[in-house]
Structure formats: C-alpha cells, structure tokens
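Here's the structure, in structure tokens; my notes come after.
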Amino acid sequence: MTPSQALTDELHWAFQGMTHNPPRDLDADILRVRFHSYRPRIRGPHAERYACPRCFLHHGERHELRSVSGTDEFDLLACAGCSNEFVIPFE
Ligand SMILES: [Zn+2]
C-alpha cells in the first residue's frame, strides 16, 4: 500500500467518525469540502512528503508527516500538529 492510499483511507475513517459524531465547532459543509480537497502528497522540491489527514480535516491545515520508525512490514509516520501516528503497510 502506498502512503497516499493509506493516508486517504485514514481520511475516510476520520471523516466517517466525524459524520456520525459531528464536532460542535465544525460546520458540516466545511468538513465535506475539506474531505474532498485533501491531497496526501505535499508538492515541493523534496520527494515523498505527506500531509496529515486529520489536521486537514479538523483545521484545514497541511501538517507535514515525518517518518518516526518502522519495520520490515510497515512505516510509521507521525504528525507534530496533532500527535497522531499513521501506519503505512508496505503490503
Ligand atoms: Zn496532524
């Protein structure tokens, strides 16, 4: 699974959760627009940079994820903005 796929899956899960249990301070239309406009890749001179799906959904902010650790089977990306960690399975 590519990081883009894994992060987009994460976005779907987070969006579903927020749809079932809407945050009081976030308008449903804004949430929907963010959901559809999220792009996992951050464009720039450096390859393989990714944006946190949760920070984008909650705040509309593109926080860059950093690789913190991993194994033969997955990579682990962490967000400095929300402290969430995302598992990126290689398979
Ligand atoms: Zn984040």
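Table for the structure above
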| item | result |
| --- | --- |
| Positions within the range 55-91 being part of a loop (DSSP other than H, G, I, E, B) and more than 9 Å from the ligand (Cβ to nearest atom), in sequence order | Gly60, Arg62, Thr71, Asp72, Glu73, Phe90, Glu91 |
| Test result for Thr8, over 12 Å from the mean Cα position of the chain (by Cα) and among the polar types (S, T, N, Q) | no |
| Number of positions in the range 34-62 that are closer than 16 Å to Thr8 by Cβ and not basic (Lys, Arg) | 14 |
| Test: residue in the range 34-52 that is acidic (Asp, Glu) and either modelled with pLDDT of 95 or more or within 11 Å of the ligand (Cβ to nearest atom) (or both) | no |
| Residue in the range 8-16 that is out of contact with any strand residue (DSSP E or B) (no Cβ under 8 Å at 6 or more places or on another chain), acidic (Asp, Glu), without any contact (Cβ under 8 Å) to a residue 24 or more places away in the chain and more than 14 Å from the ligand (Cβ to nearest atom) present | yes |
| Count - residues of the range 17-45 that are of a type in the set (Asp, Glu) and assigned to a helix (DSSP H, G or I) | 1 |
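The values are calculated or read from the model by the stated rules, or taken from the named source; none is laboratory data. Predicted model only: the values in this text are computed from it and were never measured. So basically every Cβ, Gly included, is an ideal-geometry build from the backbone, and we count neighbours across all protein chains shown.
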